[in-house]
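Just below is one structure, and these are the notes that go with it.
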């Protein structure tokens with residue numbers, strides 16, 4: 001049925017030759033290009049079933065696709081044997097959790113110690129905030145205790161807000177937190193495993209790789225995305241005319257949905273020659289030589305000016321302070 | 001703040017000057033001098049698939065989309081500054097840079113601090129745009145923690161590991177949250193424009 005339907009749709013050449021033969025539609029086999037037919041044959045004779053074990057998805061995606069397959073295609077000198085070996089030890093240690101009982105016991109002791117320290121720090125912070133808030137409240141009331149006869153009245157008035165926050169924000173959070181201490185499965189029973197999940201995360205070398213990526217990403221985001229609006233605002237406040245026009249221009253990207261923006265930019269980043277950035281780059285190479293050098297000199301001057309801008313301000317401040 | 005700015009520029013420049021290989025100062029100058037006398041040269045780039053470009057390429061759209069609204073907020077604060085202040089500064093012989101340094105920046109400072117802490121914590125949580133643009137690739141180049149947590153939870157169904165990772169990340173940010181709360185207590189909110 002499926003085969004016939006697909007053939008009717010005109011997709012015959014994408015089907016397996018065996019399937020077509022089974023459905024008695026041999027005349028369509030000729031539509032399949034010869035090299036495709038060959039590839040089908042090769043994969044039909046050499047196939048192996050993927051192994052299945054808990055965590056296979058993460059092994060195949062994180063370790064094999066991310067660390068090995070992508071680099072085999074992009075880098076000719078890639079040592080894929082060593083990479084596969086690394087993936088294997090990583091999978092055994094971290095994803096499948098093949099650590100001995102003695103090792104785990106040692107790690108658990110350390111983990112509980114760290115947990116105690118963290119809890120102490122959080123308790124100290126909470127106490128500190130409590131003191132701060134109390135001091136603020138005393139400042140606000142001038143130190144005098146107000147005589148509130150109906151002490152439950154404020155609580156009653158706050159109850160709807162407190163309840164909705166509690167039910168919709170903090171209860172799910174607390175319930176979710178419990179998952180971290182369980183060997184949670186979507187269906188079936190779970191078992192309590194204490195801090196084992198945290199141990200697994202903290203001993204995972206990938207976790208630290210992700211952490212460095214996060215730090216790099218947030219440093220670059222702050223550097224590029226945080227200071228740009230300040231500079232833009234300073235520039236815009238100095239614009240003599242057309243202020244409303246520029247303000248509208250600034251605000252326009254905000255109207256479009258962020259997913260649309262991302263997909264739009266993805267198209268512009270397209271690696272094919274038709275991608276906007278690649279097109280622009282190719283256009284750049286067509287600029288005649290002297291003009292190109294002139295543009296480069298101007299660019300360099302602008303970059304130098306921007307780079308020394310903070311220092312000039314600091315210097316001016318010093319001069320003014322004298 | 002200045003250190004952070006310089007650090008960012010260092011990363012940025014390192015990325016555009018050729019990434020991993022450290023050229024050294026003299027060779028770097030030679031490299032740039034060579035670049036100056038040549039015409040423009042360009043090879044087709046796989047912007048999102050190249051480890052060198054992936055992170056800047058992912059960040060750029062959010063800069064473009066976020067700069068407008070951010071600058072409008074700062075602009076509103078700048079509008080609150082009385083024009084007389086600028087005139088008085090001009091009478092005292094202040095140049096443009098003086099006005100920026102002594103009037104504009106002090107006006108914006110509380111706003112900058114609040115925004116900075118919020119933005120800093122926000123960048124640790126943001127994953128949507130990375131997910132749409134690269135999905136964490138090439139290799140692990142753009143796999144930030146929040147995206148890794150998403151993968152653990154909803155792609156590999158290891159909810160326990162994902163929750164544990166999320167809590168570790170949250171504990172790392174708790175210091176910043178405390179800082180932010182403390183900052184917010186200190187700042188008074190006033191109307192910027194006075195009639």
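Each reported figure results from applying straightforward, stated rules to the coordinates on display, with no laboratory input. Keep in mind that this is a model prediction, so the values were computed, not measured. Methodologically, a virtual Cβ is constructed for each residue, glycine included, from the backbone with ideal geometry; neighbour enumeration extends over all protein chains shown.
Using only helices, what value at 222 nm comes out for chain A when you add -39,500 (n - 2.57) per DSSP H run of length 4 or more and divide by the total residues, to the nearest 500 deg cm²/dmol?
Working: 15 runs with 210 residues, N = 322.
The helix-only estimate for chain A comes to -21000 deg cm²/dmol at 222 nm.
Using Cα pairs closer than 8 Å and at least 6 residues apart in sequence, work out the relative contact order for chain A, in percent. If you can, show how the numbers build up before the last one.
Working: 95 pairs, mean separation 24.2, N = 322.
The value is 8 percent.
Within 10 Å of each Cβ in peptide A:258-268, how many partner chain Cβ atoms are there on average? Round it to a whole number, please. Working shown, then result.
Details: counts 7, 3, 1, 6, 10, 3, 1, 12, 8, 0, 4.
Rounded to a whole number, the mean comes out at 5.
Sort all Cα-Cα distances of the protein assembly as shown into consecutive 10 angstrom bins from zero, then give the percent of pairs in each bin up to the one containing the longest distance.
The percentages, shortest bin first, are 3, 12, 19, 22, 19, 14, 7, 3, 1, 0.
Once you order the gyration tensor axes a ≥ b ≥ c over the Cα atoms, which shape class does segment A:2-95 get: rounded for a/c under 1.5, otherwise prolate or oblate by comparing a/b with b/c? All intermediate terms of the calculation are to be shown ahead of the outcome.
Details: a/c = 3.34, a/b = 2.26, b/c = 1.48.
Prolate, because a/c is 1.5 or more and a/b exceeds b/c.
Can you give the average number of partner chain beta-carbon atoms within 10 Å of each beta-carbon in peptide A:111-121, as a whole number? Can you show the working numbers first?
Details: counts 0, 0, 0, 0, 0, 0, 0, 4, 0, 0, 3.
Going residue by residue through A:111-121 and averaging, the value is 1.
Rank these for me by crowding, A:134, A:216, going from fewest to most other beta carbons within 10 Å. Provide the component values of the computation, followed by the final result.
Working: A:134 10, A:216 15.
Ordered from fewest to most neighbouring Cβ atoms within 10 Å, A:134, A:216 come out as A:134, A:216.
What order do you get for A:184, A:170 when you list them from fewest to most C-beta neighbours inside 10 Å?
On the way: A:184 20, A:170 11.
Ordered from fewest to most neighbouring Cβ atoms within 10 Å, A:184, A:170 come out as A:170, A:184.
Quick check: the distance between the Cα centres of segment B:96-156 and segment A:72-131, to the nearest angstrom?
Each part's Cα centre sits 25 Å from the other's.
How many Cβ atoms of partner chains, on average, are near each residue of B:53-66 if near means within 10 Å of its Cβ? The partial results should precede the final answer.
On the way: counts 2, 1, 6, 2, 5, 7, 8, 6, 10, 7, 8, 5, 9, 8.
Rounded to a whole number, the mean comes out at 6.
Would segment A:84-236 count as rounded, prolate or oblate if I go by the C-alpha gyration tensor, calling it rounded below 1.5 in a/c and otherwise prolate when a/b exceeds b/c, oblate otherwise?
Details: a/c = 2.34, a/b = 1.44, b/c = 1.62.
Judged from the Cα gyration tensor, segment A:84-236 comes out oblate (a/c at least 1.5, b/c at or above a/b).
Using the number of other C-beta atoms within 10 angstrom as an exposure proxy, rank A:298, B:114, B:149 with the fewest first.
On the way: A:298 10, B:114 14, B:149 22.
The fewest-first ordering by Cβ neighbours comes to A:298, B:114, B:149.
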